[in-house]
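Single-structure report; data block below.
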Amino acid sequence: METIVQRLERLYKTDILTQDDKRWLAEYLKGDISELYLIALDGFSKDVLEQKLTLSDQASSQILKNIHQRITKPPEQAFPIRRLLVKMAIAASVATVFCTGYLFRKQLDNWIDPVKYQETVALNGEIKLISLSDGTTICLNAGSRLSYPDKFKQNTREVTLTGEAFFKVAHNSAKPFIIHSGKITTTVLGTSFNVKAYKEDKAIKVTVVSGKVGILNTKAKQPAVLLTPNMQLVYSKTDETLVAKKIDDALSVISWQEGKLQYHNTPLSDVLADVQRKYNVTIKADKNLLNCTLYADFNNMPLQKVLKLIEALINARFKKEGSIYTLKGKGCN
């Protein structure tokens, strides 16, 4: 049978508590918790040595120096290891006790109330609205996926996006909101912006409607780019570059939330990709057509009308075989 110390040591090292462990720990915390303090102090010392958790190098080194100065002197007489730990705990500085308590409370909080990760998927032909625990709202476009925690307990609020979404981030200057999308990260404190990061697209685009947004290429040594309203950043997957530019109207970029598709000098390949996701259809086109550019507004139109307009704009024709539409024509040159 486990002793109190053995059980505490086991619980301190585990990430998941059983219901029996939770009941036992809750009862134990009502009484003398000196064993818990000693285990936490010992665990803290090991963490600082091995990982330097949450502390600066200078602070970690100073704390360890204080501890070592007090416990490496040979005692006048031999005594059990338990007494040595007690002496270590008493001699430790106030800073050590504070940091130990903070780290252990954090670990204990993770045991009792663990963070659970969730994933929301918007299939082709649908749009989903997501509300996060901090008050942030996200509109997820068709063919997109968002992974996020059920609560934000760390110093940042981090989510992962594949596809396209419009974010209205609740302001919190103490907890930056970070979106991971492919090889770029987008960081904000509280603002509204659009991220388009489909795997099949040649570029990732971030468009700011309000506030300020910072963009960083995580795979290349490039400085972060700061965007303000009506600015758009384009990350090229081919050469891994970040290019920021002013645009006429950011609201046109997020019009997809209202069922609209608006294009201004947009390659046909991008237009067809959007149409496929919105209407849940498969479209193919001759390679000589893909670089044609379009100026068009497809505002809540039925699919057949959208296809007819595309035909007229680039002088081509759609042919349907089974469930697949194929676009053929001479091209735009």
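Neighbours of residue 326 by Cβ distance under 13 Å: Lys/Arg scored +1, Asp/Glu scored -1, total +3. Amide H contacts under 5 Å for residue 280: 125, restricted to partners 5 or more places along the chain or on a different chain, H placed in the peptide plane at 1.01 Å from N.
Accessible surface for region 117-208, divided over its residues, is 42 Å² per residue with a 1.4 Å probe. Residue 20 exposes around 80 Å² of accessible area when a 1.4 Å probe is run over every protein chain in place.
Converting the Cα gyration tensor eigenvalues of region 204-305 into ellipsoid dimensions via √(5λ) gives semi-axes, longest first, of 27, 18, 11 Å.
Computed over region 229-271, the Cα gyration tensor eigenvalues convert (square root of 5λ each) into semi-axes of 20, 15, 9 Å, ordered from largest to smallest. With 5 Å bins beginning at zero, the pair-distance distribution over Cα atoms of region 130-274 amounts to 2, 9, 21, 25, 22, 14, 6, 2, 0 %. Estimated at the nearest 10 Å², the accessible area of residue 18 is 80 Å² with a 1.4 Å probe. Of the solvent-accessible surface of region 169-237, computed with a 1.4 Å probe and all protein chains present, 58% belongs to carbon and sulfur. Counting only protein heavy atoms and using a 1.4 Å probe, the accessible area of residue 332 comes to about 70 Å². Cross-link pairs exceeding 24 Å in C-alpha to C-alpha distance, out of 13/153; 237/305; 245/328; 153/246; 128/168, comprise 237/305; 245/328; 153/246.
With every protein chain in place and a 1.4 angstrom probe, the accessible-area ranking of 24, 256, largest first, reads 24, 256.
Estimated translational diffusion coefficient (Stokes-Einstein, Kirkwood radius over Cα pairs, 4 °C, 1.567 mPa s) of region 183-237: 114 µm² per second.
Taking Cβ atoms as reference points and 10 Å as the exclusive limit, the residues near residue 21 contribute a net charge of +3, counting Lys and Arg as +1 and Asp and Glu as -1.
The values are calculated or read from the model by the stated rules, or taken from the named source; none is laboratory data. What you see is a predicted model; the values in this text were computed from it and never measured. Because the Cβ atoms are built from the backbone with ideal geometry, glycine has one as well, and the counts that use them run over all protein chains shown. Accessible surface areas use protein heavy atoms only, side chains included; no ligands, DNA or RNA. Shrake-Rupley method; radii C 1.70, N 1.55, O 1.52, S 1.80 Å.
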